[in-house]
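The values are calculated or read from the model by the stated rules, or taken from the named source; none is laboratory data. Here the structure is a predicted model, which is why all the values come from computation and not from measurement. No Cβ is skipped: glycine too gets one built from the backbone with ideal geometry, and neighbour counts run over all protein chains shown.
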Amino acid sequence: MLPITSTTKYRVLYADTDMMGVIYYGNYGRLFEMGRTEMIREMGMPYIELEKQGIVMPVFSVESKYRKVLNYDELITIETTLKELPAVRMEFFHKIYNESGELAHEAKVVLVFMDMKTKRPVRAPQSLVNLLENYSG
């Protein structure tokens, strides 16, 4: 039942940061992907299962808001929420909290379902829609 929210913990690595010791802005996309991937895996359909069906999900758009810095070695929480059933697009809402529990970052990431062979948009697989409709967390 929607909305569905999942949380993932992650310890910020030195490789994630810039010379000031904060997460480099270009690395936030990896954090969003980590949250989405774990959410879908927890629900019982890892991305690899979609790929086996000939479906890929490229990123269509990203909206990001930086609220606070996230530092090296900080244990952060990536909260990922899915608010509505997908059609051709799937929208994920991410919130990243610092180790103190303060909101540090917000993002909306839109992915599209695409046929791996034709590279054309397709509707969300019915198996995924059914999973989301019946998911009880």
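Structure notes:
- Scanning the stretch 44-68 for residues that are surrounded by 13 or more Cβ atoms within 10 Å (Cβ to Cβ), outside any loop (DSSP other than H, G, I, E, B) and modelled with pLDDT under 95 returns Tyr47, Glu49, Leu50.
- Among the residues listed as Glu84, Glu79, Glu106, the single one being farther than 21 Å from Tyr25 by Cβ and under 19 Å from the mean Cα position of the chain (by Cα): Glu84
- Number of residues in the stretch 87-100 that are over 19 Å from the mean Cα position of the chain (by Cα) and either exposed (fewer than 15 other Cβ atoms within 10 Å of the Cβ) or in contact (Cβ under 8 Å) with a residue 40 or more places away in the chain (or both): the value is 1.
- Test: residue in the stretch 105-121 that is assigned to a loop (DSSP other than H, G, I, E, B) and small (Gly, Ala, Ser): no
- Which listed residue, of Tyr66, Tyr47, Tyr72, is under 24 Å from Tyr28 (Cα atoms) and in contact with a Gly (Cβ under 6 Å, 6 or more places away or on another chain): Tyr72
- There is at least one residue in the stretch 126-137 that is assigned to a loop (DSSP other than H, G, I, E, B), surrounded by 14 or more Cβ atoms within 10 Å (Cβ to Cβ) and modelled with pLDDT under 95.
- Single residue of the stretch 101-110 satisfying the filter (free of Cβ contacts under 8 Å to residues at least 60 places away in the same chain and surrounded by 12 or more Cβ atoms within 10 Å (Cβ to Cβ)) that is farthest from Tyr66 (Cα to Cα): Val110
- Total residues in the stretch 71-85, condition more than 13 Å from Phe32 (Cα to Cα) and touching a residue at least 60 places away in the same chain (Cβ under 8 Å): 7
- Remark: pairs (first residue in the stretch 1-27, over 30 Å from Val129 (Cα atoms); second residue acidic (Asp, Glu) and surrounded by 17 or more Cβ atoms within 10 Å (Cβ to Cβ); Cβ separation under 6 Å; 6+ apart in sequence or on different chains) = Val12/Glu74; Ile23/Asp16.
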